[in-house]
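The values are calculated or read from the model by the stated rules, or taken from the named source; none is laboratory data. Model, not experiment: these values are computed from the prediction. Cβ atoms come from the backbone with ideal geometry, glycine included; neighbour counts cover every protein chain shown. Side chains included, ligands, DNA and RNA excluded: accessible areas come from the protein's heavy atoms. Shrake-Rupley method; radii C 1.70, N 1.55, O 1.52, S 1.80 Å.
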Amino acid sequence: NSMVLLEVSFDEREMLIEAEPATFHFTPHYKDYPSVLARLETLHPGSLRAFLERRFRKIAKKSVVKAWEARN
């Protein structure tokens, strides 16, 4: 019951795992990818939102991000 959070630098991943090992982890498959796994049971909703927003801003068209920011 984990989800993959993409675009997480190796330094950030290490920090997350050290700070919250019950939530953040990775498997050998992901060791060479800038990502981290997060256990859904213990992932704080605010953290999930922050990760999703960061990814959205990275992949969405600038006009879509701008419109979304205007509504929020």
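Loop-only check: which trypsin sites (Lys or Arg not before Pro) in region 22-66 are DSSP coil with at most 10 other Cβ within 10 angstrom? Intermediate values should be presented prior to the final figure.
Working: sites: K31, R39, R49, R54, R55, R57, K58, K61, K62, K66; in loops: K31, K61.
Passing sites in region 22-66 are K31, K61.
The label point for D32 and the one for E12, both projected 7 Å from the Cα toward the Cβ, are 2.2 nm apart.
D11 contributes about 120 Å² of solvent-accessible surface, heavy atoms of the protein only, 1.4 Å probe. Once both labels are modelled 7 Å past Cα along the beta-carbon direction, what's the A22-K58 spacing in nm? If labels sit at A22 and K58, their model points lie 2.7 nm apart. The simple spin-label model puts a point 7 Å past each Cα toward its Cβ; for R49 and N1 those points are separated by 2.2 nm. The Cα trace of the chain gives Rg and Dmax of 13.5, 41 Å, the first to one decimal, the second as a whole number.
Within 10 Å of each candidate Cβ there may be at most 15 other Cβ atoms; applying that plus a DSSP loop requirement, which GluC sites (Glu not before Pro) in region 10-72 survive? List each step's numbers first, then the result.
Values: sites: E12, E14, E18, E41, E53, E69; in loops: E41.
Taking region 10-72 and a limit of 15 other Cβ atoms within 10 Å, the loop GluC sites (Glu not before Pro) found are E41.
In this structure, the amide hydrogen of V8, modeled 1.01 Å from its nitrogen in the peptide plane, lies closer than 5 angstrom to those of S35, V36, counting only residues at least 5 positions away or on a different chain. Once the 1.4 Å probe is applied to the protein heavy atoms, the chain comes out at 74 Å² accessible per residue. For the chain, carbon and sulfur atoms together expose 58% of the accessible surface, with a 1.4 angstrom probe and every protein chain in place.
For region 5-72, what is the charge dipole size about the Cα centre, in debye to the nearest 20, if Lys and Arg each add +1 at the Cβ and Asp and Glu each add -1 at the Cβ?
Taking the Cα centre of region 5-72 as origin, the dipole is about 600 debye.
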